[in-house]
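*Asks:* Mind having a look at this structure? Questions to follow.
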Amino acid sequence: MNAATELNPQEAAAREQALAHVKAAEKTAAQVPVGDAQPRPIGQSAVIGAGTMGGGIAMALAAAGIPVTLIDADEGGLTRGLARIRDNYENSVRRGRLGPAVRDERLARITGSLSIADVKNADIVIEAVFEDLALKQGIFRELDQYAKPGAVLATNTSGLDIDEIAAVTKRPADVVGAHFFSPAHVMRLLEVVRSAQTADDVIVTLMDLGRRMGKVSVLARIYPGFIGNALFRSYNREAHFLVEDGALPHEVDSALRDFGYAMGIFAVHDMAGNDVGYQTRKAQMATRPTDRRWNDLIMKLVEMGRLGQKSGKGWYRYEPGSRDPQRDPELEQFIVEESGRLGLSRRPIAAEEIIKRCVYGMINEGAKLLEEEIALRASDIDVVYVTGYGFPAHRGGPMYYADQIGVANVYRDVQRFYEEYGYWWKPAPLLEKLAATNGRFADL
């Protein structure tokens, strides 16, 4: 008997309503305030950076029938990138997901180049290099020189200030954020990020391009992490604090799976590699504020060589050739000792608290995004989180979930966590306002 047949009629109806909400929210996300602006024609494209992300974006463009020039400054990097694309197509053919003729058509649409001057015929250029502001600004200075007038200049960034990138060009109205999710040829979400001067027709163009690529496009404004990563920071932070406070990784992951996530966050870290973002975090440690709690457990795991599945040890241990996470007494002992070094008294933590701290923090952050008009509507936040971050679709997304359990109930716990844990839990004014008036995010 599967999970769906075990639900009582009321639970089944609630699940259906949540799924219907997600479906409707995807359509609503396409409606953006751009007046009568029409998309610019996109017949040719270019992608800067032949890494995993750039290659995936090139594949997404090719799948939409758009010829793409994949450009990398390094010959070895370009060769590896094109080989990776061929391998991806071969895997799809082997699995029966793609026919050989379609594979050949798509490969024929992708051309490699070592010269950034080859963006000259592109109607859209998507930069997909490392998350380094100076590096991206340098590329946009060159794009300003080589891209044709009217070309859309998009940066694939997960959180950098796009105004600062646009500022180095003479055409800031043509610059826009295009936050793809990895692997870009598979993941359905595209965050379209509007800078202060992005033209309306550029927004429409990218929203429409996302549709052509089979993606769900959601408009956001500039904010650290935009919509998705802003909420994910809260989710990630609380999961790690829970481990310091008394839970073990498998307990947090188990609660999240029971809530509906396909994988718990620590299993996800191990799959992605605990060293992802290590250098960035290391650099930030010297200047981060000292008036709030931070968590550096994942940094210490990297320094211990516990990188995750690729090293056989991370938050879990892995048998050779297996990706199944196994509890590791050595790691659990380290966590217990680390709590002691931090002066924290560990305690048993129930699944209910794990879910509240992981999910309610996201809801509170979502309220801030709505208040500051980073997201257009609560349902857009739901779409981002269900489509790009694995939030269980049958829960409808974090903001829909808040409405179902009652915003006042969420606020009550957020206030309680603020009194207990401080800074990160300060209630968003909008959350407080809705709680006081029995309001809902859906009615905003």
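*Asks:* Neighbour counts of other C-beta atoms within 10 Å: give me Arg95, Arg281 arranged from fewest to most.
*Replies:* By the 10 Å Cβ count, ascending: Arg95, Arg281.
*Asks:* Using a basic spin-label model with each label point 7 Å from the Cα along Cα→Cβ, how many nm lie between Arg212 and Arg327?
*Replies:* A separation of 5.3 nm, rounded to one decimal place.
*Asks:* I've got another one for you. Compare the Cα positions of Pro249, Ala154, Pro348 along the charge dipole of the chain (+1 at Cβ of Lys, Arg; -1 at Cβ of Asp, Glu; about the Cα centre) and return the one farthest towards the positive end.
*Replies:* Comparing the listed Cα positions along the dipole, Ala154 ranks first.
*Asks:* Relative to the longest principal axis of the chain, what angle (0 to 90°, nearest 10) does the C-alpha long axis of helix 329-341 take?
*Replies:* Taking Cα atoms only, the helix is inclined about 70 degrees.
*Asks:* Please give the length that would be gained between Ala350 and Arg288 if that part of the chain were fully extended, namely 0.36 nm times their separation in residues minus their C-alpha to C-alpha distance (nm, one decimal).
*Replies:* Length difference between fully extended and current span is 19.2 nm.
*Asks:* Further, regarding this structure: Among Ala147, Ala18, Ala262, which one shows the biggest mean-square fluctuation in a GNM of the chain, springs joining Cα atoms closer than 10 Å?
*Replies:* Among Ala147, Ala18, Ala262, the largest GNM mean-square fluctuation belongs to Ala262.
*Asks:* Within 10 Å, count the other beta carbons around each residue, average over each peptide in 201-207, 60-66, and list them highest first.
*Replies:* Put in order of decreasing packing, that is 201-207, 60-66.
*Asks:* Additional query: In segment 342-385, what GluC sites (Glu not before Pro) fall in a loop by DSSP, with at most 15 other Cβ atoms inside 10 Å?
*Replies:* When the GluC sites (Glu not before Pro) of segment 342-385 are filtered for loop state and at most 15 Cβ neighbours within 10 Å, Glu372, Glu373 remain.
*Asks:* Taking every DSSP beta bridge that has both residues in the chain, what percent is antiparallel when rounded to the nearest 5?
*Replies:* Of all bridge pairs located within the chain, approximately 25 percent are antiparallel.
*Asks:* How would segment 103-209 be classified by its alpha-carbon gyration tensor: rounded, prolate or oblate, with rounded meaning a/c under 1.5 and the a/b versus b/c comparison settling the rest? Spell out each step's value before the answer.
*Replies:* Details: a/c = 1.44, a/b = 1.20, b/c = 1.21.
The shape class here is rounded.
*Asks:* Go ahead and run the numbers for FRET between Ala101 and Arg412, Cβ-Cβ distance against an R0 of 45 Å, rounding to 0.05.
*Replies:* It comes to 0.15.
*Asks:* A follow-up question, please. Using a Förster distance of 30 angstrom, determine the FRET efficiency expected from the C-beta separation of Leu19 and Met271, and round it to 0.05.
*Replies:* According to the calculation, E is roughly 0.70.
*Asks:* Quick one: helix 407-421 against the long Cα principal axis of the chain, what's the angle to the nearest 10°, folded into 0 to 90?
*Replies:* With both axes taken from Cα atoms, the answer is about 80 degrees.
Read-outs: derived from the displayed coordinates by stated rules, not from any lab. In this text, all values refer to a predicted model and were calculated from it rather than measured experimentally. Cβ coordinates were reconstructed from backbone atoms using ideal geometry, including for glycine residues, and neighbour counts include every protein chain displayed.
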